[in-house]
Amino acid sequence: MFNFFDEIKKNVAKIEPKLLGNYNIVNISGRILYVEGHCGLTVLSRENITFKVKHGRIVVEGKNLILDELSENTLKIVGEIIKVEAF
């Protein structure tokens with residue numbers, strides 16, 4: 001079965017192995033953010049959603065942010081996504 005993230009990782013690995021993380025993020029037009037591989041939420045508000053990933057954290061800033069879906073290792077954020085930063 002075709003796996004979009006596995007295909008991207010194969011191609012990126014040929015360029016720079018250090019760029020690979022243990023999570024996947026897809027930002028769709030600044031309105032939907034889909035994440036695979038999170039390790040839990042740390043901040044949840046309408047302007048900021050922060051979550052842990054292995055070896056760091058991701059901060060999502062925006063307006064009217066809503067945690068639309070949450071499971072053991074995936075989440076979906078909807079709203080006006082202004083900035084996504086990894087630390």
| query | Do any GluC sites (Glu not before Pro) in segment 15-87 lie in a loop, going by DSSP, with at most 16 other beta-carbon atoms within 10 Å of their beta carbon, and if so which? | reply | Glu47, Glu72
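How much net charge surrounds Thr42 when only other residues with a Cβ under 9 Å from its Cβ are counted (Lys, Arg +1; Asp, Glu -1)?
Values: positive: Lys52, Arg57; negative: none.
Local net charge: +2.
Readers should treat all values here as calculations from the given coordinates under stated rules, not as data from a laboratory. In this text, all values refer to a predicted model and were calculated from it rather than measured experimentally. Glycine also receives a Cβ, built like all others from the backbone with ideal geometry; neighbour counts cover every protein chain displayed.
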